Amino acid sequence: MPPLKYIAHYSEQIQAQAGILISNGQLGGYLDKKYNDKHQIQSDKALYHYINELKNQYMRKSSSLTQVSYNSKLAVLQQALGIHTYQSRVQGNKLKSHNSITVASLFKEAPPEFLRMIVVHELAHFKEKEHNKAFYQLCCHMEPDYHQFELDTRLWLLWRDL
């Protein structure tokens with residue numbers, strides 16, 4: 001059985017369940033049954049509008065998004081499914097902010113729930129920099145099924161590597 005690198009920090013019970021699905025060849029079927037839709041957000045422009053809608057719905061007071069893009073070179077192996085950058089600069093007597101989000105291109109092929117999980121995660125970093133309790137509360141506020149989608153996204157990544 002291949003190493004369970006994407007779920008290595010999960011409990012032994014979850015890893016064992018995933019291992020059984022993999023060894024029985026059922027992981028793909030489990031994911032297809034649960035997530036059989038594909039999203040239509042294929043361009044950087046469509047991704048910008050999608051992320052901006054979520055940001056405006058849940059984080060109106062945060063600075064506007066400056067740049068959003070898919071990136072085919074984003075290294076999933078380094079557990080970077082998305083990247084956020086936040087930069088503040090003083091220009092004269094004004095504080096200027098630059099917020100950007102980059103999402104791994106493989107999420108063009110992912111179910112919409114997985115893309116939403118990545119986007120919610122990166123948006124939450126604009127308010128909470130660390131992965132702490134407040135960060136995950138914000139993620140769950142924007143997406144109540146955040147934790148399940150995160151686990152299933154990691155299982156999907158495992159399945160893709162098989």
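Points to keep in mind about this one:
- Of the residues making up the stretch 130-162, those that are closer than 25 Å to Lys73 by Cβ, touching a residue at least 12 places away in the same chain (Cβ under 8 Å) and open to solvent by 60 Å² or more (accessible area, probe 1.4 Å) are Trp159, Arg160, Asp161, Leu162.
- Positions within the stretch 16-47 being more than 25 Å from Lys108 (Cα to Cα) and open to solvent by 50 Å² or more (accessible area, probe 1.4 Å), in sequence order: Ala16, Gln17, Ile20, Ser23, Asn24
Residue by residue, here is whether (1) open to solvent by 50 Å² or more (accessible area, probe 1.4 Å); (2) over 13 Å from Ile101 (Cβ atoms); (3) at pLDDT 95 or above; (4) of a type in the set (S, T, N, Q) holds:
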{"site": "His49", "(1), (2), (3), (4)": "yes, no, yes, no"}
{"site": "Asn52", "(1), (2), (3), (4)": "no, no, no, yes"}
{"site": "Met59", "(1), (2), (3), (4)": "no, no, no, no"}
{"site": "Ser62", "(1), (2), (3), (4)": "no, no, no, yes"}
{"site": "Thr66", "(1), (2), (3), (4)": "yes, no, no, yes"}
{"site": "Lys73", "(1), (2), (3), (4)": "yes, yes, no, no"}
{"site": "Leu77", "(1), (2), (3), (4)": "yes, yes, no, no"}
{"site": "Gly82", "(1), (2), (3), (4)": "no, no, no, no"}
{"site": "Tyr86", "(1), (2), (3), (4)": "yes, no, no, no"}
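- The set of residues from the stretch 12-67 being farther than 29 Å from Leu138 by Cβ, within 21 Å of the chain's Cα centre (by Cα) and among the aliphatic types (A, V, I, L, M) comprises just one member, Leu27.
- Scanning the stretch 1-40 for residues that are farther than 18 Å from Phe149 by Cα, among the β-branched types (Val, Ile, Thr) and touching a residue at least 12 places away in the same chain (Cβ under 8 Å) yields a single hit, Ile22.
- Yes/no for Phe126 being surrounded by fewer than 20 Cβ atoms within 10 Å (Cβ to Cβ) and under 21 Å from Tyr70 (Cα atoms): yes
The values are calculated or read from the model by the stated rules, or taken from the named source; none is laboratory data. Quick caveat, the model's predicted, so the values are computed rather than measured. Glycine gets a Cβ as well: all are built from the backbone with ideal geometry, and neighbour counts include every protein chain shown. SASA here: full protein model, heavy atoms, side chains in, ligands and nucleic acids out. Shrake-Rupley method; radii C 1.70, N 1.55, O 1.52, S 1.80 Å.
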